[in-house]
Each structure stands twice: as structure tokens, then as C-alpha cells.
Amino acid sequence: MIRNPKPLYITVFVAAVLSLLLASSNYLMNNDTKQALIILMLTFTASFILFFYSVEYFIYRKIKLIYKTIHSLKTQKYDAQLSKYSLLNDPISKMNKEVISWARDQKQQMEELKRLADFRKEFLGNVSHELKTPIFNLQGYIHTLIDGAIDDPEVNVRFLRKAAKSADRLSDLVADLLAISQLESGELVMEMERFDMNALVKDVYEQLEVRAKERGISLIIKEGCNKPFWVFGDRYRIRQVVLNLVNNSIKYGKELGTTTAAYYDMDENILIEIGDNGEGISQDHLPRIFERFYRVDKSRTRESGAGGTGLGLAIVKHIIEAHQQTINVRSTIGQGTTFGFTLKKGSAN
């Protein structure tokens, strides 16, 4: 197969010109009209055949190739077309390559849009599911009270408390959704300052002390770590992180167990770890533990007190990443779970 059609185009053109010149010279020299016409017709026919062949083989087929390429985009077969004609260097072949390149870019964009659409669909489904339970419960309690239970002193306060609990859950879910939306969009501005990490953990321990005592869980700080560890970050947001991690260790840790905070000097950073000696998390769940609405134990009910909004760890991850730091988790079944994150070391003033 001829790879470069330019020499053929030139050959056809030169042959046609020479033939016409020969026919004209014969006509002028011999003044034989019949012979000149025959030569002219033969020359025209030969030129026409050669020109038709060049148009058919080098132009029409390549234009047709472009249409085939466009048509094959739906069947994902255009890679073979590109490799077959990759050595051609004429404008039509270049156009075909550009079509294929454009198709690849569009394919990547379509795959990304599809991924985002699937993500949005899953997110909306999760939000709907999370909202449905407290709304349904709230409606049930209120309608029961309206139907006469409000006059029964044995149930009215109990139902009102349950309704308030469902309303609180709705409020928490909306607040968490707003927070994660701001974190993901980058709209949340971090107010960085120097603070003592150990003092912050003690403050969280004090807030959750009653809840921990209900399950017999001891809140402790690892030996040798009960001293100031200065870090640099958004104190309010880091408090959210610690509060969430300690609260989770109380919820999912074993009764009469422990929740332990520890700090480690990592040169430029401080590593903070919050661990428990609970049941642990299976290795299958660990890669997805920071996903929104992901629950390791789906059998826990929303009303049992063990289930949260399902957004806590996702918010934790976004807060730490907004500090340009990392968070990780390690866990062993039957031994417990430890979450660790880093913060920039706070330099002395």
C-alpha cells in the first residue's frame, strides 16, 4: 500500500498535461481532426481513470474512514483505526487522528460525569434514608399525642422526649451536611492558632465523662503524654475531630473498657492517637471507614444511641485534610481500634 499519495498526484497531473500537449501538437502538425480527437479522447479517458482512482482510493476512502471513526465511537473500536493509519501524514489522516484524540478526551469526561452522577445519586439516596427515620418517628409521636396521648400523664412526657430526640437528630444531620458541604467546596475558612493539644483532649474528656461512665469506660491519657503538646491549627475544628473520635470510642468500645489518648513528636508534626480496646473493625471495612454514611454495623438502630448521622468520620477526614495533614486507622478484631492524625507542631512565641 502506498503510504504517501503526493507523488501519485504529481504523476497524474504531469501525465495529463503531457498527453494534452501531445494531442495538440499532433493536431497542429498533421491537421488531422479525426486523429487529434481520438488522441484527445484517449488522453481524457486515461486522465479521468487515473484521477477517479486517486479520488476514490486516497480521498473518498479516507473521508469514509473519518465517518467510520465517528460511528465506531459508540463501540469503542477506534483504537484499531488509529494504529492502522498511524503512519499516514496527509491532512485527512491527521484529521482522523484529531477525531480519535477528541473522542478519547470526551470519553474521559463522560466517565467522570457518570462517576459524579452515580455519586450524587448515592448521596441523595443516603440522605433520604437518613432523614426518613427521624421524620417518621417525629410524625408518629406527634400524631399519637394529638390523638389523645397528650392527656395521659404516663406517656405524654415520654413521647415528647422521644419527639425531641428525633428533632435533635434531624438538627444534627442538617448541621453535619452543611459542614461537609462547606469543607468539600473549600468555603470553610480555617482560623489557625497555636494551642495545647493535651488541654483540648482533657476538655473533651470532661464533656463526655458522664456518657463514658454510663458504659463504665475510663478516659485516660497515655503515660508520659500528660504534658503540653503545642500544635498549630483551627482549635474549634480540631476539637470537633477529637470529640467525634472519643465519642465513637465510647459508643463502639466495650463496656468497662478504656479510651486512650496519646501524642508523639514526629519532628515537624505531632501525631495524635485516640484508641480503644473494643471489638475492633474488620479489615474489609477499613478502606471505607471515612466514607459518608458508611456504617460498619448496619444492624445498630438509629434510636439505640449507637448510631450517629453517618457523617462524623467523613467530616473528621475533611478537617484534617484542610490542615494539609493526614488521618489513618488501624484495628484488630478483639483488640480495639486506633485513629491517628497529624498536626503541624506549634512553634513557641
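Of the residues VAL174, VAL189, VAL157, which single one is more than 28 Å from GLU321 (Cβ to Cβ) and surrounded by fewer than 17 Cβ atoms within 10 Å (Cβ to Cβ)?
Going through VAL174, VAL189, VAL157 in turn, the sole match is VAL157.
Please go through the range 270-288 and give me each residue that is touching a Lys or Arg at 6+ places or on another chain (Cβ under 6 Å) and either under 13 Å from THR338 (Cβ atoms) or surrounded by fewer than 19 Cβ atoms within 10 Å (Cβ to Cβ) (or both), ordered by number.
Result: GLY278, single match.
Which residues, counting only those in the range 211-230, are out of contact with any helix residue (DSSP H, G or I) (no Cβ under 8 Å at 6 or more places or on another chain) and closer than 14 Å to ALA261 by Cα?
Matches in the range 211-230: ILE220, LYS222, GLU223, GLY224.
State all residues of the range 158-213 that are free of Cβ contacts under 8 Å to residues at least 60 places away in the same chain and of a type in the set (Val, Ile, Thr); if no residue qualifies, say none.
Scanning the range 158-213 gives VAL174, VAL189, VAL204, VAL210.
Does GLY253 qualify as being within 27 Å of ILE333 (Cβ to Cβ) and surrounded by fewer than 18 Cβ atoms within 10 Å (Cβ to Cβ)?
When the stated conditions are applied, GLY253 does not pass them.
Quickly run through the range 142-165 and pick out the residues that are of a type in the set (Gly, Ala, Ser) and either assigned by TED's automatic domain parsing to the domain that holds GLY312 or modelled with pLDDT under 85 (or both).
Passing the criteria: GLY148, ALA149.
Any residue at all in the range 190-202 that is modelled with pLDDT under 85 and more than 24 Å from THR259 (Cβ to Cβ)?
No.
Looking at the range 134-154, which of its residues are buried (at least 17 other Cβ atoms within 10 Å of the Cβ) and closer than 23 Å to PHE293 by Cα?
Hits for the range 134-154 are PRO134, ASN137, LEU138.
Going by what's in this entry, would ASP176 be described as of a type in the set (Asp, Glu), outside the structural domain of LEU271 (by TED's automatic domain parsing) and under 34 Å from the mean Cα position of the chain (by Cα)?
yes
The values are calculated or read from the model by the stated rules, or taken from the named source; none is laboratory data. In this text the structure is predicted, and so the values were computed from the model without any measurement. Quick reminder, even Gly has a Cβ in these numbers, built from the backbone with ideal geometry, and neighbours come from all protein chains shown.
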